[in-house]
Amino acid sequence: MRRKNFRIILSPKITELLLCSALPGTGAGASFASPRIFRNARVGAARISPAWPRNRRRWPIASSRNRHDPLSCSASKRTWCRDASATRAFRKIRGESKEAPAPVPGKAEQSNSSVIFGDRMILKIFRRVDPGINPELEIGAYLTEEADFPSAPPVAGSFQYSRAHQEPMTLGVLMGFVASQGDAWQYTLDNLGRFFERVMTIPADTAEMPGPGGLPVRALEETVPPKVGELIGPYLLSARQLGERTAEFHLAMASNLESPAFAPEPFTPFYQRSLYQSMRNLTAQTLALLQKRVRSLPDSVRDQGREVLEMEPRILKRFQGILGRKISSMRIRVHGDYHLGQVLYTGKGFVLIDFEGEPARSLSDRRIKRSPVRDVAGMLRSFHYASYAPLIGGIGGSVFRSGDVASLERWAAWWNGWVAVTFLRGYLAGARDGGFLPRTQEELSTLLDAYLLEKAIYELGYELNNRPDWIKLPLLGILSLMEVPE
């Protein structure tokens, strides 16, 4: 692999970025970045000077050993990167200090690397880079400078690498640091732990409390019983608030009618056909993989795997629903990989993060305008994952006796049903007048049902390849979605 070494100079600790171009056959045009942090770095005999961004035009961000690179400089001098840029929010984010806080490598499990500078900034470095602007930078800068969206980290700047005759590659983004209590995934698991503790005290002979019937759109008109709030607790209010934040994000993304990159566009018959075909292809590929591995699945889920395989014709018929009618929804730029792990909980509310989309997809695919209902489906599937995750092996810190799990699975479905409805009510209350949702509830239900099923099938493929111990969650998701009459 061809390598280019860069130095990111923001403090006495130096980050080295190895930019590796993949060899032929390992992915056309793919490049991968691997950052490392170390102290007292030297290039040759010259120590690299520490620096801290002092203005938005001259940003000491990166250098290269190769003097022929666009970022080249003398190693004995402070490096000013010509491919770095800053936003108008840079000075406010940086603050008045001229000394950089000590950098600390980020510890979160992510598809990128990060360096945290005290309570001021976080430098996000992408591990896979491709020619073109990364959506993390494009959407983040738009939310910072144009939409003035307060529930996302403000972007301070970015740095890029340029190759001859190619678009610049976004290597990293510098953002304001958001103080939080962790992500919404852990916050949700903590609340679920308390929920399970409460319901385990309910006598076994108590009459079963009904959950909302069917999928969330069809349950919107149902009255929430008082017992729901008592058992689920404050999280029910959090779910509604998260729905409202999601709506505010989509309103911001749909607010620019002039920019070709962000202006809303209508669904067209051609796009509906393309969407159906992509769902069909995903189903065929994923179920073919399941067919190969179903015999090796644990005994506890093997029958569920076979049941899903038998459902393939019904699944494809369900997706055909998006072809049977004109869909009045608009397409906008969306988050693209929206789930509880992509949201921070501050103790008072929620902040949306990580707008780069699914890293395995190409940049061009991640920048396609889609229905915002796709983000909604992603979050609803995340609630489902969270509700069952503590029951499959102590995820979230809870460990339950095997004899209790069957009963708690029914409670997990009950929790998920009411939380999903509450989130959706909050979302629709905020987004209904945005002009980008389907005009009728029937259209909304058709689109959301299709996106939920697509997401569950995507999850099935992901777990088969990466976390086979979690395979029960997408299998349960697919089976529950297919139980609902069309």
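The values are calculated or read from the model by the stated rules, or taken from the named source; none is laboratory data. Everything quoted here is computed from the prediction, not taken from an experiment. Note that each Cβ is placed from the backbone with ideal geometry, even for glycine, and that neighbours are counted across all protein chains shown.
Being outside any loop (DSSP other than H, G, I, E, B), surrounded by 13 or more Cβ atoms within 10 Å (Cβ to Cβ) and either assigned by TED's automatic domain parsing to the domain that holds D433 or of a type in the set (S, T, N, Q) (or both) holds for only one residue in Q285, Q241, and it is Q241.
Taking F436 as the residue in question, decide whether it is of a type outside the set (S, T, N, Q), at pLDDT 95 or above and not in a helix (DSSP H, G or I). Yes: the conditions hold for F436. Within the stretch 198-212, is even one residue at pLDDT 90 or above and over 18 Å from the mean Cα position of the chain (by Cα)? The answer is yes, given that some residue of the stretch 198-212 is at pLDDT 90 or above and over 18 Å from the mean Cα position of the chain (by Cα). With the condition kept exactly as written, say whether any residue in the stretch 356-366 is farther than 19 Å from Y451 by Cβ and within 11 Å of the chain's Cα centre (by Cα). Yes, some residue in the stretch 356-366 is farther than 19 Å from Y451 by Cβ and within 11 Å of the chain's Cα centre (by Cα). Residue selection: F149 fails the criterion of being under 18 Å from the mean Cα position of the chain (by Cα) and buried (at least 23 other Cβ atoms within 10 Å of the Cβ).
Against the conditions (1) free of Cβ contacts under 8 Å to residues at least 24 places away in the same chain; (2) on the phi > 0 side of the Ramachandran plot, G357 satisfies every one except (1).
The single residue among G229, G243 that is at pLDDT below 95 and not aliphatic (A, V, I, L, M) turns out to be G229. Screening V351 against (1) assigned to a helix (DSSP H, G or I); (2) closer than 13 Å to F249 by Cβ leaves a single unmet condition, (1).
Within the stretch 191-205, none of the residues are touching a residue at least 12 places away in the same chain (Cβ under 8 Å) and of a type in the set (D, E). Of the residues making up the stretch 257-277, just one is touching a Lys or Arg at 6+ places or on another chain (Cβ under 6 Å) and in a loop (DSSP other than H, G, I, E, B), namely F262. If only residues of the stretch 297-340 that are among the charged types (D, E, K, R) and part of a loop (DSSP other than H, G, I, E, B) are counted, the one that is surrounded by the fewest Cβ atoms within 10 Å (Cβ to Cβ) is K326. Residue check: I395 meets all listed conditions (1) more than 24 Å from the chain's Cα centre (by Cα); (2) modelled with pLDDT under 90 but one, namely (1). Just give me the residues in the stretch 443-486 being free of Cβ contacts under 8 Å to residues at least 60 places away in the same chain and among the acidic types (D, E), in sequence order. Selection gives E463, E483. Condition first: touching a Ser or Thr at 6+ places or on another chain (Cβ under 6 Å) and surrounded by fewer than 24 Cβ atoms within 10 Å (Cβ to Cβ). Now tell me which residues in the stretch 353-390 satisfy that. Matches in the stretch 353-390: P359, P390. A count restricted to the stretch 226-238 and to residues that are touching a Lys or Arg at 6+ places or on another chain (Cβ under 8 Å) and assigned to a loop (DSSP other than H, G, I, E, B) stands at 1.
Among the residues in the stretch 399-416, are any surrounded by fewer than 21 Cβ atoms within 10 Å (Cβ to Cβ), assigned to a helix (DSSP H, G or I) and touching an Asp or Glu at 6+ places or on another chain (Cβ under 8 Å)? The answer is yes, given that some residue of the stretch 399-416 is surrounded by fewer than 21 Cβ atoms within 10 Å (Cβ to Cβ), assigned to a helix (DSSP H, G or I) and touching an Asp or Glu at 6+ places or on another chain (Cβ under 8 Å). Among all residues of the stretch 163-178, there is none that is aromatic (F, W, Y) and buried (at least 20 other Cβ atoms within 10 Å of the Cβ). Strands (runs of 3 or more DSSP E) fully within the stretch 82-188 that include at least 3 residues being closer than 28 Å to R381 by Cα and among the polar types (S, T, N, Q): 112-117.
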